[in-house]
Amino acid sequence: MEFEFPLRALRARNYRLFFSGQSVSLIGTWMTRVATAWLVYRLTGSAVLLGVVSFCGQIPAFFLAPLAGVWVDRWNRHRTLIVTQALSMAQSFALAALALSGIIRVWEILALALFQGLINAFDMPARQAFVIQMVERREDLGNAIALNSSMVNAARLAGPAIAGVIIAAVGEGWCFLIDGVSYMAVIASLIAMRVTVSQARAPRHRALAEFTEGWEYVRKSKAIRALLMLLALVSLMGMPYTVLMPIFASRVFHGGPNTLGFLMSASGLGALAGAILLAMRKSVLGLGRRIVVSAAVFGGALIAFALCRSFWLALLILPFVGFGMMQQMASTNTILQTIVDDDKRGRVMAYYAMAFQGMAPFGSLWAGAATAKIGAPATIVIAGSLCVAGAAWFASQLSEIRTLVRPIYVRLGILPEAALGVERASELELESGP
């Protein structure tokens with residue numbers, strides 16, 4: 001594996017602006033996630049309602065993301081992101097006003113979570129598809145995706161820890177207020193951009209025809225289909241472990257909001273390490289194997305965490321959970337963005353959003369219901385076991401995926417098979433892959 005300077009995507013002015021603004025905003029986002037979970041659990045004591053709140057925040061991505069992708073390919077993505085970030089800021093201020101006034105009720109949290117989910121259904125595919133316009137150089141695309149993941153997980157490391165302190169000191173409402181203010185940083189960075197890379201657009205057809213075209217494009221590509229299926233499985237079964245963290249913090253480890261903050265930050269530390277390691281990679285070659293290993297590590301670490309009864313041991317296990325989750329998610333994103341046609345990028349990344357965010361709410365409902373019946377530890381053991389099984393399935397598909405993706409890599413200059421001849425090509429076939 002070759003490594004390279006991990007910050008090369010920051011050479012692009014627009015990406016530097018986005019990176020700096022989003023770094024501030026995401027800390028507030030993670031504070032809100034932790035504060036929302038703790039507030040719901042404090043008000044209700046219900047594992048089921050924890051799952052329902054998460055469901056409301058993520059279910060719009062499942063139903064709307066494919067349609068949103070059609071419009072993301074039609075609309076100006078830069079202006080779309082300014083609108084979605086402004087709406088997210090308004091949502092956080094609404095949460096803050098209700099919580100600080102002391103009148104907030106669970107149905108209001110559910111309604112605002114649903115509103116944020118509607119925003120995210122458009123924001124995520126637009127943000128993912130806009131990356132290529134920000135970095136300008138296609139060879140820096142993978143580095144930018146890895147840096148995005150590093151940014152998310154640096155915030156994931158800091159945000160929950162800060163939230164735990166603030167909740168214990170002054171309550172959840174201040175977390176929501178800080179989150180609302182933090183959106184101003186990313187909105188300012190977007191407004192300051194000068195977008196010079198044009199957005200690739202296919203000839204305009206009816207929205208339904210473009211939706212069908214995007215679906216057929218995904219359905220007929222075994223590589224894209226397999227990547228999305230594994231991501232969907234991991235999101236469905238594995239990602240909802242975060243929803244159950246308040247239960248582990250209070251019932252298993254007998255702690256409070258500070259305990260929850262430390263648990264979330266430990267997972268975030270591993271995810272940050274995984275993202276930094278990906279940012280140092282020089283090429284996308286070998287990411288297929290990385291997806292197999294990381295999905296297996298994620299599932300295995302979830303099982304170990306579920307069986308753990310020591311808080312300090314849990315803090316040592318959770319970084320492996322975060323590491324495996326981030327490596328699998330970001331590697332999938334990188335391969336997809338590398339092999340997809342530019343004019344279908346928004347629609348494909350909408351299916352990515354559907355697999356990543358859209359499946360998680362069903363997992364949250366399942367996890368909440370299962371926890372009520374068999375307990376949080378047993379629920380996480382089942383989830384981790386299915387993630388390991390998914391990794392084994394993807395490993396069985398990897399050889400065929402490599403064969404299908406290789407011509408795309410040759411066309412993009414990632415694999416120089418045509419220049420190196422048949423003998424060297426056979427070596428690459430054995431050594432390299434997506």
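The values are calculated or read from the model by the stated rules, or taken from the named source; none is laboratory data. Computed from a prediction, not measured in an experiment: that's the story for all the values here. Please note: Cβ atoms are built from the backbone with ideal geometry, for glycine as well, and neighbour counts cover all protein chains shown.
Some points to look at:
- Looking only at segment 106-147, and only at residues there that are surrounded by fewer than 16 Cβ atoms within 10 Å (Cβ to Cβ) and touching a residue at least 60 places away in the same chain (Cβ under 8 Å), the one that is farthest from Thr80 (Cα to Cα): Val106
- Segment 80-130, residues that are of a type in the set (A, V, I, L, M) and in contact with a Pro (Cβ under 6 Å, 6 or more places away or on another chain): Leu118, Ala121
- Any hit, segment 187-206, residues being in a helix (DSSP H, G or I), of a type in the set (A, V, I, L, M, F, W, C) and within 21 Å of the chain's Cα centre (by Cα): yes
- Flag for Ala304 being among the small types (Gly, Ala, Ser) and at pLDDT 90 or above: yes
- Within segment 106-117, none of the residues are of a type outside the set (Ser, Thr, Tyr) and touching an Asp or Glu at 6+ places or on another chain (Cβ under 9 Å).
- Tabulated pairs, segment 242-264, first over 20 Å from Ala301 (Cα atoms), second of a type outside the set (A, V, I, L, M, F, W, C) and surrounded by 23 or more Cβ atoms within 10 Å (Cβ to Cβ), C-beta under 8 angstrom, 6+ apart or interchain: Pro257/Gly164; Asn258/Gly164
- Yes/no for Met326 being under 17 Å from the mean Cα position of the chain (by Cα), under 13 Å from Val218 (Cα atoms) and buried (at least 22 other Cβ atoms within 10 Å of the Cβ): no
- Count of residues meeting criterion [of a type in the set (Ser, Thr, Tyr) and either buried (at least 24 other Cβ atoms within 10 Å of the Cβ) or more than 17 Å from Ala249 (Cβ to Cβ) (or both)] in segment 294-322: 1
- Top-ranked residue in segment 301-323 [being without any contact (Cβ under 8 Å) to a residue 12 or more places away in the chain and outside any helix (DSSP H, G or I); ranked as nearest to Val218 (Cα to Cα)]: Cys308
- Unique match (being closer than 21 Å to Phe394 by Cα and not acidic (Asp, Glu)) among Ala279, Ala226, Ala266: Ala226
- Selection within segment 340-392: residues that are of a type in the set (Val, Ile, Thr) and either buried (at least 22 other Cβ atoms within 10 Å of the Cβ) or not in a helix (DSSP H, G or I) (or both). The member of this set that is nearest to the chain's Cα centre (by Cα) is Val348.
- Condition check for Leu277: within 30 Å of Ile335 (Cα to Cα), touching a residue at least 40 places away in the same chain (Cβ under 8 Å), surrounded by fewer than 23 Cβ atoms within 10 Å (Cβ to Cβ) and not hydroxyl-bearing (Ser, Thr, Tyr): yes
- In segment 349-393, the residues that are under 22 Å from Leu287 (Cβ atoms) and either in contact with a strand residue (DSSP E or B) (Cβ under 7 Å, 6 or more places away or on another chain) or among the aromatic types (Phe, Trp, Tyr) (or both): Tyr351, Tyr352, Phe356, Trp393
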